[in-house]
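The values are calculated or read from the model by the stated rules, or taken from the named source; none is laboratory data. All values reported here derive from a predicted model rather than from experimental measurement. Neighbour counts run over all protein chains shown; Cβ positions are idealised from the backbone, glycine included. Side chains are part of the model used for accessible areas, which takes the heavy atoms of the whole protein and leaves out ligands, DNA and RNA. Shrake-Rupley method; radii C 1.70, N 1.55, O 1.52, S 1.80 Å.
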2 protein chains.
Amino acid sequence: MNMPVLGYATQSAEAKLAPYHFERREPRADDVVIEILYCGVCHSDLHQARNDWANSIYPMVPGHEIIGRVVSVRKSVSRFKAGDHVGVGCMVDSCQHCQPCQQGLEQYCVEFPTVTYNGIDRRDQLPTYGGYSEKIVVSEKFVLKVPAGLDSAGAAPLLCAGITTWSPLRHWKVGKGSKVAVVGLGGLGHMALKLAKALGAEVTLFTRSPGKEQDARHLGADRIVLSTDAGQMASVTSHFDLIIDTVPSVHDINPYVPTLGINGTLVMVGYLGPLDPMLNSVPLIMGRKSVAGSLIGGIAETQEMLDFCGKHGITSDIEVIKIKDINAAYERMLKSDVKYRFVIDMASLKAD
Amino acid sequence: MNMPVLGYATQSAEAKLAPYHFERREPRADDVVIEILYCGVCHSDLHQARNDWANSIYPMVPGHEIIGRVVSVRKSVSRFKAGDHVGVGCMVDSCQHCQPCQQGLEQYCVEFPTVTYNGIDRRDQLPTYGGYSEKIVVSEKFVLKVPAGLDSAGAAPLLCAGITTWSPLRHWKVGKGSKVAVVGLGGLGHMALKLAKALGAEVTLFTRSPGKEQDARHLGADRIVLSTDAGQMASVTSHFDLIIDTVPSVHDINPYVPTLGINGTLVMVGYLGPLDPMLNSVPLIMGRKSVAGSLIGGIAETQEMLDFCGKHGITSDIEVIKIKDINAAYERMLKSDVKYRFVIDMASLKAD
């Protein structure tokens, strides 16, 4: 029997988010039923709600930074039991048999992973609905264990902002002595600073806005470079092993390439679209440098990141909001007016 | 005492190459004096002669694919003696103390390597003149040993076209089972096919011109993909570990990115300038793919490549010309009318 659930949905690109009654599926044999405690508000929620990527399905219940408590599990579930603290990120299923899936890279599933919302469930072909809701039903394989002691609200953004920056840090083997720079200080950027620092790297923040120095240092930056200041940019020529570019909108990446050392990589995790202005090949060729992209991270890697955060006491810096304030939060996000992630306290849904 | 030398030079961007008398330096303690037997004609010779990169110094004696015979060595030279068969590539010196130089990556010397022509010698501040000439004087460290049995004329292009494609093949660890594609079938492209094949890779040629199939297969391609044919392009979706893009002029690289597998890299070795049309970040992000650049190769790596070619009997497919035909050869190069490299027989200079 399907499960009635209350959430917040938008009915079109122009509509505001509002209370919405819908149904979750009758749990399948491998399903975990989760009561959602907190859900982070990702910049992509805003893009999807407003159909910025021209692939939105309405009604849409956004949210893919989910922290909750297991309510019940079905018979073939072995890793979870009622009462466990768990997380759900951007994916709730994948084909499980392609090469990337076999390698734990479900985010690059050849058949495309089933995304947590604005997707179509690959087993029943019904739309998926995200974390701005009371409960969610998720296949055990896509449920993460949340380490004891990690603040539940602050842990929510780890499921997207955390893993999106963790995955390139690990793939490009950042560790003690690595020189890492982060472009942009938002939800992703502030996590990149914290995680790179905890991994032992020398960490620099590139920013266009003066006045972020104190915050950035508090988050783990050893150095702040104003990208609008030619002298400061010149001071880091050929310096970095890895630059994580978290800026979610179109911007010129050319000024950052010369700050990469030989064999360095600039990895884009925020902006999807044409590189405007055009990327110049000359500095790439003159130092065997790369421009790459990276998408969230695999499930095993997400668990690794959560365990690392548990060990190092790392959570996101957040502002907890009530769900009725979600539309105002979207407007503030557009102005980068949040330090550094909104997280919805889902108890506010019941109290509404 | 300086050494009078006959060569071919151009006096301006508009002039043709013509006989030119100049002087080589009095050999220094670490110098090797080389009689030039053959010099390859690189596409960049044409760019430099015509000031396409706006950094040309005139008079200019081009040529950086040099094969010759040692005439004499100075007192501190230990690795060469008169009569040895040797090669000289794109560099004749570098700072020798920066980190890239220490790592054998002289091509990425922080102080920039001294290039074989159109450069300024870092010790005497005089212009460097290249291989379209009778003799050259080069510091021992930048002289390569040519393995016995390798055809001298066919070996000349190894010094630039060979190493430029070898270096990325090695850096990105191509070996048995690797899937490599090459874009463009010119001087660099045909060497990339031969070297990738000899390294054990499965090799594909991307080309816009039908009719290259037989030649490409002869050079080592297992598969030819017409990049103008959507069906053929779709047949290699997510397939390659490494794509070496040798095209020397502006072109759209976006169609090749989806043919990279997860973690794949497209490395540009031919075109210097803005990526027009704009590179789209989406396919990079959706598969952790990279666009990189690579410049020639280091001296130790060049020796490794020559030794590999000696062992596998690999040389360039060439058309030997007399030096008086160099201007006509440039015109034919512009029309890609060469299979696959012109090489000047320097004996033709004396006979002129």
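The figures follow:
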| quantity | calculated |
| --- | --- |
| Trypsin sites (Lys or Arg not before Pro) lying in DSSP loop within the range A:141-236, provided at most 11 other Cβ fall within 10 Å | A:Lys173, A:Lys176 |
| Dipole moment magnitude, nearest 20 debye, chain B about Cα centre, only Lys, Arg, Asp, Glu C-beta charged | 580 debye |
| Simple label model, 7 Å out from Cα along Cβ direction - A:Ser249 to B:Glu111, nm | 4.5 nm |
| Nearby aspartates and glutamates by direct alpha-carbon distance to A:Lys141 (threshold 14 angstrom, same-chain neighbours under 8 apart not counted) | A:Asp30, A:Asp31, A:Asp93, A:Glu106, A:Glu301 |
| Cut-off 11 Å, label 7 Å out along Cα→Cβ of B:Trp53, residues of the range A:280-300 by amide N | A:282, A:286 |
| Projected label distance in nm at B:Ala18 and A:Glu14, using a 7 Å step from Cα toward the beta-carbon | 7.3 nm |
| Sparsely packed GluC sites (Glu not before Pro) within the range B:9-56, loop by DSSP, other Cβ within 10 Å at most 15 | B:Glu14 |
| Cβ-derived FRET efficiency at R0 45 Å, B:Lys176 paired with A:Arg123, nearest 0.05 | 0.70 |
| Surface accessible to a 1.4 Å probe, per residue, for the residues of the protein assembly as shown, Å² | 39 Å² |
| Sequence ranges A:265-277, A:329-341, ranked by mean other-Cβ count within 10 angstrom, highest first | A:265-277, A:329-341 |
| Normalised per residue, the volume of the convex hull around the Cα set of chain A (Å³) | 134 Å³ |
| B:Glu35/B:Ala300 FRET efficiency (R0 22 Å; Cβ-Cβ; nearest 0.05) | 0.30 |
| Heavy-atom accessible surface of the protein assembly as shown: percent carbon and sulfur, 1.4 Å | 52 percent |
| Residue mean of other protein chain beta carbons inside 10 Å, A:294-300 | 2 |
| MRE, 222 nm, helices only [DSSP H, n ≥ 4, -39500 (n - 2.57), over chain A, to nearest 500] | -6000 deg cm²/dmol |
| Relative compactness, the range A:162-293, computed as alpha-carbon Rg over 2.2 N^0.38 Å | 0.94 |
| Listed residue pairs exceeding 24 Å between alpha carbons, taken from A:Lys75/A:Lys135; B:Lys176/B:Lys339; A:Lys173/A:Lys335; A:Lys135/B:Lys289 | B:Lys176/B:Lys339; A:Lys173/A:Lys335; A:Lys135/B:Lys289 |
| Cα long-axis angle, helix B:161-171 against chain B (0 to 90 degrees, to the nearest 10) | 50 degrees |
| Estimated FRET transfer efficiency (B:Asp325, B:Ser235; beta-carbon r; R0 30 Å; 0.05) | 0.10 |
| Shielding by other protein chains, B:268-275, mean Cβ within 10 Å | 5 |
| Rounded to the nearest 10 Å², the accessible area of A:His251 at probe 1.4 Å | 30 Å² |
| P(r), alpha carbons of the protein assembly as shown - 10 Å bins starting at zero, rounded % | 3, 14, 22, 21, 16, 11, 8, 4, 1, 0 |
| Average beta-carbon neighbours from other chains, 10 Å sphere, peptide A:72-79 | 0 |
